[in-house]
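Working notes, beginning with the structure itself.
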Amino acid sequence: MSQIEDYLLNLEKNLMTGNARWVADFTESFRAFKINNVNFDMVVRGNTRGKGFLLSRLFAYTALPNYQVACLVFNPNQFKQFDGQSLNTVLDTVKSYMKKNELKWSWLVIAQKGAFSEAIKNAVSNLAIQEIGVALIDVGSKTITPSQGYLGKAISKYIK
Amino acid sequence: MAQKKYSSLQISDLFKAFFIVLMILTALYIASIFIVFGGFWVIRELLIMNIIFSAIGGWYLYKTRIHKLFLFDEKGFILEVGKKEKIVHKWSDFDQVSLVHRGYGEFAVRLYYDQGKKFIDIPASKLKLNSSILRFEVMRLIKGSSGKKS
C-alpha cells in the first residue's frame with residue numbers, strides 16, 4: 001500500500017471515528033471524487049450536530065447548529081506543476097462544491113509524499129479564507145503548513 | 001469470480017428482537033393479570049414462560065425480518081433482509097460508492113444510483129465484513145461493469 005493511501009485510510013478513520021468528531025460528525029467518505037475536472041483523493045462529508053446518546057443527543061439537538069461540512073483531500077501530483085494558479089483553481093473548485101452542497105465550512109488537505117516548494121508554502125500560509133481551512137502535508141515527514149484563520153489553525157490537530 | 005456469500009449471525013440484532021418480543025409479552029402479561037385479578041402478582045412460572053416465548057418469538061422475528069444475507073459476484077449482488085425483502089442489482093446500475101459511518105462504530109457501503117438521487121446501503125459491519133476493503137472491492141466491480149457497459 002502506498003504511503004498516500006495509508007495516510008488517507010488513517011485520516012478517514014480519524015475523521016469518522018477519531019478525535020475529529022469533537023469538531024464535526026463526519027459520516028460519509030467518497031474516494032476518487034471528481035469535482036469540475038479536479039480529482040480529489042477523498043471527500044468526507046459530515047455535519048456539526050453529533051448524534052450522541054440520550055442526554056448528549058438532546059444537547060446536540062437543542063444547542064448545536066446543524067451545519068453541513070466537508071474535508072477534501074487532494075494530491076497535487078495530478079498537476080504538472082502545482083503553483084499559485086493551480087491552488088486558486090482547486091480553491092475555486094472547493095468553493096463551487098460548497099455552494100452547490102450548501103456547506104458552511106470545509107477543510108482542504110493537500111497531501112503528497114515529499115516537500116512542497118517554498119512558494120506554495122508561502123501562498124498557503126498567507127491564505128485567510130474564513131470558510132476554508134487549507135493545509136499542506138508531506139506524508140513522509142508529517143510536516144504541516146496550515147493557512148491562517150480559525151479553520152486553518154484547527155486543521156493541524158486532526159490531519160496528522 | 002465465484003459467488004461470495006456472507007450471512008453471519010448478527011447478535012446485537014438478535015438481542016434487539018428478543019427484547020422487543022419480551023417487552024410486548026411482559027406488557028400483555030401485566031395487563032391480563034390486572035384485568036383478571038384486579039391487581040398485580042408475580043407468578044414465577046409465567047415469567048419463565050415469558051422468557052422462553054420471547055426467545056422463540058425473538059428468533060422468529062430476527063430470521064423473518066432482520067437477518068441480513070449478502071451474495072455477490074462480478075455481475076451484481078443480492079441483499080436479503082429477513083425473508084420478505086430481497087434487493088437484486090447489477091453493479092452497472094450504480095454510479096458512485098461511499099463509506100458511511102452509522103454511529104457506534106458501525107459502517108455500511110453506500111451505493112448511489114439514478115444519478116445520485118437514490119441509494120442502497122450494504123451493512124458491512126452487520127455482515128462482519130471489513131467495510132473499507134468491501135468499499136474498494138465494490139468500486140472495482142462498478143468500474144469493471146461500467147467498462148463492459150460502454
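The values are calculated or read from the model by the stated rules, or taken from the named source; none is laboratory data. Quick caveat: nothing in here was measured; it's all calculated off a predicted structure. Counting neighbours? That spans all protein chains shown, and the Cβs are built from the backbone with ideal geometry, glycine included.
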Checklist entry - Given the structure, is A:Val69 more than 12 Å from every other protein chain (Cβ to nearest Cβ), in contact with a helix residue (DSSP H, G or I) (Cβ under 8 Å, 6 or more places away or on another chain) and surrounded by 17 or more Cβ atoms within 10 Å (Cβ to Cβ)? => result no
Checklist outcome for this item: Given the conditions (1) touching a Leu at 6+ places or on another chain (Cβ under 9 Å); (2) within 14 Å of chain A (Cβ to nearest Cβ), every one holds for B:Gly58 apart from (2)
Item to check | Residue among B:Leu99, B:Leu61 that alone is surrounded by 16 or more Cβ atoms within 10 Å (Cβ to Cβ), closer than 28 Å to B:Ser12 by Cα and assigned by TED's automatic domain parsing to the domain that holds B:Ile122 | outcome: B:Leu99
Next on the checklist: Of all residues being part of a strand (DSSP E or B) and away from every other protein chain (no Cβ under 13 Å) in region B:95-142, which is nearest to the chain's Cα centre (by Cα)? Just the residue, please.
Outcome noted: B:Ile122
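Yes/no per residue for (1) among the aromatic types (Phe, Trp, Tyr); (2) over 22 Å from B:Ser132 (Cα atoms); (3) not in a strand (DSSP E or B):
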position: A:Phe26; (1), (2), (3): yes, no, no
position: A:Ser29; (1), (2), (3): no, no, no
position: A:Phe40; (1), (2), (3): yes, no, no
position: A:Arg45; (1), (2), (3): no, no, no
position: A:Arg49; (1), (2), (3): no, yes, yes
position: A:Gly52; (1), (2), (3): no, yes, yes
position: A:Arg57; (1), (2), (3): no, yes, yes
position: A:Ala60; (1), (2), (3): no, yes, yes
position: A:Cys71; (1), (2), (3): no, no, no
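Checking the conditions here, which among A:Ala32, A:Ala20, A:Ala24 is surrounded by 13 or more Cβ atoms within 10 Å (Cβ to Cβ), at the interface with chain B (Cβ under 10 Å from one of its Cβ atoms) and small (Gly, Ala, Ser)?
A:Ala32
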Item to check | Single unsatisfied condition, B:Ala17 versus (1) of a type in the set (A, V, I, L, M); (2) in a loop (DSSP other than H, G, I, E, B); (3) surrounded by 10 or more Cβ atoms within 10 Å (Cβ to Cβ) | outcome: (2)
Next on the checklist: For region B:35-60, give me each residue that is of a type in the set (Phe, Trp, Tyr) and outside any helix (DSSP H, G or I).
Outcome noted: B:Phe40, B:Trp41
Checklist entry - Among the residues of region A:37-45, is any of a type in the set (Lys, Arg) and buried (at least 17 other Cβ atoms within 10 Å of the Cβ)? => result yes
Next on the checklist: Please go through region A:103-115 and give me each residue that is at pLDDT 95 or above and surrounded by fewer than 19 Cβ atoms within 10 Å (Cβ to Cβ), ordered by number.
Outcome noted: A:Lys104
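Restricting attention to region A:106-137, report how many residues are within 21 Å of A:Val43 (Cβ to Cβ) and out of contact with any strand residue (DSSP E or B) (no Cβ under 6 Å at 6 or more places or on another chain). It would help to see each step written out before you state the result.
Keep residues of region A:106-137 that are within 21 Å of A:Val43 (Cβ to Cβ), which gives A:106-113, A:124, A:127, A:129-137.
Next cut, out of contact with any strand residue (DSSP E or B) (no Cβ under 6 Å at 6 or more places or on another chain) only: A:112-113, A:129-130.
So the answer is 4.
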Item to check | Contacts under 8 angstrom Cβ, first residue in region B:85-111 being among the hydroxyl-bearing types (Ser, Thr, Tyr), partner loosely packed, with under 13 Cβ neighbours inside 10 Å, 6 or more apart | outcome: B:Ser92/B:Lys148; B:Ser92/B:Lys149
Checklist entry - Here are B:Val88, B:Val81: which of them is out of contact with any Lys or Arg (no Cβ under 9 Å at 6 or more places or on another chain), more than 22 Å from A:Lys34 (Cβ to Cβ) and away from chain A (no Cβ under 12 Å)? => result B:Val88
